[in-house]
Amino acid sequence: MRIPILRIGRILLASIQVEMSDADALRFQSDVVQKISEIEALGIAIDITSLEVVDSYMARVINDTATMARLLGAEVVVCGIQPYVAMTLVEMGRDLIGANCVFDLEQALQRLRERIAARGDADLDTGS
Amino acid sequence: MSTASHGRLDTQLCIAESMDVVRARADARQLASMIGFSPADQTRLATAVSELSRNILQYAGKGHCEMRDISTNDTLGIQILFEDNGPGIPDISLAIQDGYSTGGGLGAGLPGTKRLMDKFSIESRPGLTRVNIAMVRRRA
């Protein structure tokens, strides 16, 4: 199952709508990195509203993906962590999700725009 | 047979590939929901099952799990046994320490799972590893 990665100007949007296997998660990670580099994306929002289970492996893939995106120069915001998922992650221990998180996609896009504007090095709306 | 098998056997699953981990956590959630566990507990259980079935895949290649409804008149209960014939866990006390991993993971899987569950036991020797977990709640 491939997770579609949508493009809005130079922002990318990935919404995980299905339960992912580990193999799916790794493919998603490589798709994200590739897409960011391909369009020199300024930011990416990763929506995990539909993930009902985020275990230590999935948390690691999400964290690693966020770090990779940042290394390429893109801002990253994760949104939509389910309340029970948040409880479980904290109970399991430590900071399993280190990425910047917000409630929903709307806030994610807003946060990305703010952070990109604060950088001041790129024009958001041109496709170049 | 398992050493601690009481209660009705509800689900038995083979774990041999990546999709089996997805299936195992979905089955665990469904059984927990049928038994009457809260959504928060369903998530804890599904997460624990995800960790342990992945461990089977990663360290033993294949194995199986058995899920049992162990509810009584006073309590809701679910017990899940994970069993494989892999190389075994050389040092169990090390394996359940935070941050320790031989498989390149975060080292949060086993200690995290232990914290999520009410009962957690491991017996392991070369050729046979059994992890038993259970969650028990007083009926409302």
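Since every read-out is calculated from the coordinates, none of them should be taken as a lab result. Values in this document were obtained by computation on a predicted structure and should not be read as measured data. Neighbour counts are summed over all protein chains in view; Cβ atoms, including those assigned to glycine, are modelled from backbone coordinates with ideal geometry.
As I understand it, the dipole of chain A uses +1 on the Cβ of Lys and Arg and -1 on the Cβ of Asp and Glu, about the Cα centre. Which of A:Leu12, A:Leu89, A:Met1 lies farthest toward its positive end? So the residue we want is A:Leu12. Relative to the dominant Cα principal axis of chain A, helix A:56-72 is inclined by about 10°. Dipole orientation for chain B: of the candidates B:Thr43, B:Asn55, B:Ala95, B:Thr43 has the Cα lying most toward the positive pole (charges on Cβ; Lys, Arg +1; Asp, Glu -1).
Each Lys and Arg contributes +1 and each Asp and Glu -1, all at the Cβ; summed about the Cα centre of the range B:8-138, the dipole is approximately 200 debye.
A simple spin-label model places pseudo-atoms 7 Å from Cα toward Cβ; at A:Leu72 and B:Asp91 they are separated by 3.9 nm.
In this structure the amide hydrogen of B:Asp10, modeled in the peptide plane, comes within under 5 Å of the amide hydrogens of B:Met67, B:Arg68, B:Asp69, none closer than 5 places in sequence on its chain. Taking every residue in B:80-90 and counting other chain Cβ atoms within 10 Å of its Cβ, the average works out to 0. Full extension of the segment from B:Asp98 to B:Asp74, taken as 0.36 nm per residue of separation minus the current Cα-Cα distance, would add 5.2 nm. Normalised size of the protein assembly as shown, defined as Cα radius of gyration per 2.2 N^0.38 Å with N residues, equals 1.10. Expressed to the nearest 5 percent, the antiparallel share of DSSP beta bridges inside the range A:5-119 is 25 percent.
Model label sites at A:Asp31 and B:Lys119, defined 7 Å from Cα along the beta-carbon direction, differ in position by 4.2 nm. Between A:Ala118 and B:Lys62, the simple spin-label model (points 7 angstrom out along Cα→Cβ) gives 5.2 nm. The Rg/Rh ratio of the range B:8-138, with Rg taken over Cα atoms and Rh as the Kirkwood radius over Cα pairs, comes to 0.95.
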